[in-house]
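All remarks here apply to the structure that follows.
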Amino acid sequence: MFDLDLLSILLPAFAAGVLVLSTHVVLGRQVLKRGIIFIDLAIAQVAALGAIVAHLNHDIEHLPFSNIWMPALFALAGAAFIAWLSKRMADELEAIIGCFYVLAAVAAMLMLSNDPHGAEMLKQLMSGQILWVNWSQLVLPASVSAIVLSVIYLRPRLLDGSGFYIMFALVITLSVELVGVYLVFSTLILPALAVNKFGSKYRLVAAYLVGLTGYIFGLVLSASFDLPSGAAIVATLAVSAILFRLVLGLLKPKQSGGSDEAQFEYNQN
């Protein structure tokens, strides 16, 4: 059962989830708008590939903060490649991004195939270890998240251009380090998908509530029943998103009047 003594572990884990949600909910809406659903998986996997390269190359591994700047370089290169493709192969972009993800995943598996700790590292990169996050690990992600959110607030049009890919790569890099590839994808897509048909100026607030609900229940279940934290949160995020869509479906006939106007006002903002 849940033990209050676990709060010392759950609080930094929850703070990590809040940091990830703070940027991913906003960027997730942009991902749905652009119709490039697999970009988060692809960039997250490429960032993980950078972490593997840093781990396998001992000269790089011993350089300061190599576990951050090496994945960031890989993620920025991957984002730049996708941005370049978006202008030249827009009609096939989603398929190419999917292939890009698979190739990066296969490359990671091949590179770690002869490493005695390869399976454990691959599992950690995919599923994350959010329960073991400590406060010191949150300083850099908090700073970057604050900068990214400030830029989005002051210059929202940057999301419509190439600036989106740069911010996306930086945010994804730090998120993979904290929570793993699967949870990065789920945090980007599930809250955004839950409120995608929600015609209200409070859509962003609703997305954050969906995400927070998923993280809270996932962390509590993980800590209480000794479940893998990343998998538990992904499951509760999915349940939270589904329940919101079901409730929205029941209330939608009553909200139909004025929803188009609210949606227009929201898009204008």
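In table form, for the structure just shown:
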| item | result |
| --- | --- |
| From phi via Karplus (6.51, -1.76, 1.60), per-residue ³J(HN,Hα) for segment 144-158 in Hz, x at Gly/Pro | 5, 4, 5, 5, 4, 5, 5, 4, 5, 5, 7, 10, x, 5, 4 |
| Dipole in debye (nearest 20) - segment 21-159, about Cα centre, beta carbon charges: Lys, Arg +1; Asp, Glu -1 | 680 debye |
| Among Gly214, Met126, Ala77 - extreme Cα towards positive end, dipole of the chain, charges at beta-carbon | Gly214 |
| Choice from Leu73, Leu174, Leu21 with maximal GNM fluctuation in the chain (Cα, 10 Å cutoff) | Leu73 |
| Distance in nm between pseudo-label sites at Arg157 and Leu110 (7 Å out along the Cβ direction from Cα) | 4.4 nm |
| Segment 25-122: relative contact order as a whole-number percent, Cα under 8 Å and 6+ apart | 36 percent |
| Trypsin sites (Lys or Arg not before Pro) restricted to DSSP loop in segment 29-117 with at most 10 other C-beta within 10 Å | none |
| Apportionment of accessible area to carbon and sulfur, the chain, percent (1.4 Å) | 68 percent |
| GNM result for the chain, Cα springs below 10 Å: residue of Ser66, Ser145, Ser186 fluctuating most strongly | Ser66 |
| The chain, relative contact order in percent, only Cα pairs under 8 angstrom and at least six apart counted | 29 percent |
| Size of charge dipole - the chain - debye, nearest 20, with Cβ of Lys, Arg +1 and Asp, Glu -1, no other charges | 1000 debye |
| Overall form of the chain per C-alpha gyration tensor (a/c, 1.5; a/b vs b/c) | oblate |
| Whether segment 62-125 is rounded, prolate or oblate, judged on the alpha carbon gyration tensor where a/c under 1.5 counts as rounded | oblate |
| Vicinal HN-Hα couplings computed from phi for segment 231-238 (Karplus, 6.51 cos²θ - 1.76 cosθ + 1.60; Hz; Gly/Pro x) | 5, 4, 5, 4, 5, 6, 4, 5 |
| Where chymotrypsin sites (Phe, Trp or Tyr not before Pro) in DSSP loops with at most 14 other Cβ within 10 Å are excluded, longest remaining stretch of the chain | 66-201 |
| Computed [θ] at 222 nm, deg cm²/dmol, the chain (DSSP H ≥ 4; -39,500 (n - 2.57); rounded to nearest 500) | -26500 deg cm²/dmol |
| Accessible solvent surface per residue of the chain, calculated while the other protein chains remain in place, 1.4 angstrom probe, Å² | 52 Å² |
| Cα→Cβ-extended label distance, 7 Å offset, between Glu120 and Leu7, nm | 3.2 nm |
| Per-residue ³J(HN,Hα) for segment 121-126, Karplus 6.51 cos²θ - 1.76 cosθ + 1.60, θ = phi - 60°, Hz, x for Gly and Pro | 5, 4, 4, 5, 5, 7 |
| Residue among Ala44, Leu56, Met109 farthest towards the positive dipole end of segment 9-132, charges placed on Cβ | Ala44 |
| Length-normalised contact order for segment 118-196 - Cα pairs under 8 Å, 6+ apart - percent | 52 percent |
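The values are calculated or read from the model by the stated rules, or taken from the named source; none is laboratory data. Everything numeric in this text was worked out from a predicted model, so none of it was measured. Here the Cβ is made from the backbone with ideal geometry for all residues, glycine too, and neighbour counts use every protein chain on show. SASA here: full protein model, heavy atoms, side chains in, ligands and nucleic acids out. Shrake-Rupley method; radii C 1.70, N 1.55, O 1.52, S 1.80 Å.
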